[in-house]
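The numbers here are math on the coordinates, done by the rules we state, and not lab data. Here the structure is a predicted model, which is why all the values come from computation and not from measurement. In this analysis, Cβ positions are derived from the backbone assuming ideal geometry, glycine residues included, and neighbour counts consider all displayed protein chains.
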Amino acid sequence: MLLLVKRWLPFVFVCASFTLAPILALAASDWEIIKVSGHDYLSVDNISRFYGLPAGIVAAGDKAQFETVKNPLEFVGGSREAMINGARSWLCFPVIEQDGRFLVSRTDVAKTIEPLVRPHRVPNIGKVQTVVLDPGHGGYDKGQVSRYGCEKDFALDVARKVRPLLQAKGVRVIMTREGDYFVPLEVRAKIANAARNAIFVSIHFNASNDDPNATGFEIFSFTPRGAPSTSDSAVAVSSLNMQPGSEVDSQSLALSACIYHSLLGHIADYDRGIKRARFAVLRLTKVPAVLIEGGFLTERGESKLIANKDWRAKLAGAISVGIENYRALSINKQPPMLVADYRRQTKLAPIEPVSQEGSLKEADSSLMSLVGESAFLLPQQTSPPKQKSSLESAPIVP
Ligand SMILES: [Zn+2]
């Protein structure tokens, strides 16, 4: 699952400060639907207007504009890759250009951008009473094997470490497996579906056959109806309408965002992004569900980190904080913490350099009081991403 670096075109659009922008009422008249080959699109201008983004839209290379932007929304022409609130996020369909305008699919505006930008406004996020932790694989199914151990054992250990952290907050925790045995995928989903007011969090570690240097975190929720999964070609979508969606698409994506921002904010790993897939455990669960890929067992340095119990404890801590942030959405309806907030709190250096220069003079003081000065984060994706993780230059665990 490599990044789409080669597809990048030199059109990057940045809209400013989503989470703090004035919230406009959602009304049909706010949207101008543009039909392209029978599919509905919305212009980047329209999206910017809808969210009341103060800095509007600027083209790549306009550094002066970039430096006024906090928590940017960034699209790339011809790509499904976007930056939303400082985290990489994958659209279902590429951004296209028509008549000089850049267009985002209606599916993505409704199913990707809105829940990621305003997870606190996702409807029907109920009180979470139960967290179902699902350590991937087990028994004969070892998952990926590295020179240091098996995915099934690392995943179980992380789940065991997350459990007491959640229990300490008064949450009921159910594990789909407690030991080294295999549980069928449909049984894992059934356990979640039978639990009261539950969410489902599956824990895995990653592998790449193509790229031995691949590192980083990614998180998945179920692909919306009519859309390709992140790893599918965005073009070959002919039969996708046959794929059912989930009633809790938006809740699952909000859960993805809460956990993913915490992961990236606590651990300096490569940001592979918030993705969509039709994995069985995501398809069969009826409750908000995500699958975490907590680093690569096929990369030497990262597999060594994953084998370190202190690093896994850190991973477990980040997962539990993310889950707590999601639980809080149902109570306080406030925007959850973002990667920049966590990094400021944990004094963790961001992977890519951040410049404060020029930010303060443009800043709205009322916004500053909400986010703090150092929450300012430059757009991170104006050049193709580096595959090397900062793990190599700044090891977390000696
Ligand atoms: Zn796995």
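The shape of the range 76-163 can be summarised by an equivalent ellipsoid whose semi-axes, obtained from the alpha carbon gyration tensor, come to 37, 21, 10 Å from longest to shortest. Among the listed pairs LYS304/LYS333; LYS111/LYS286; LYS142/LYS190; LYS127/LYS190, those whose Cα-Cα separation exceeds 28 Å are LYS304/LYS333. Sorting the Cα pairs of the range 114-243 by distance into bins of 5 Å, from 0 upward, gives 2, 9, 13, 17, 18, 18, 13, 7, 2, 0 percent per bin.
Once you have a ≥ b ≥ c as the square roots of the Cα gyration tensor eigenvalues for the range 243-293, tell me rounded if a/c is under 1.5, and otherwise prolate or oblate according to whether a/b is larger than b/c. Prolate shape, in that a/c is at least 1.5 and a/b is the bigger ratio.
Taking a ≥ b ≥ c as the square roots of the eigenvalues of the alpha carbon gyration tensor, the range 130-332 is rounded, as a/c is under 1.5.
Cut-off is 10 Å between beta-carbons; in what order do MET83, MET337 appear when sorted fewest neighbours first? Could the numbers behind the result be given before it?
Values: MET83 23, MET337 19.
Placing the least packed residue first, the sequence is MET337, MET83.
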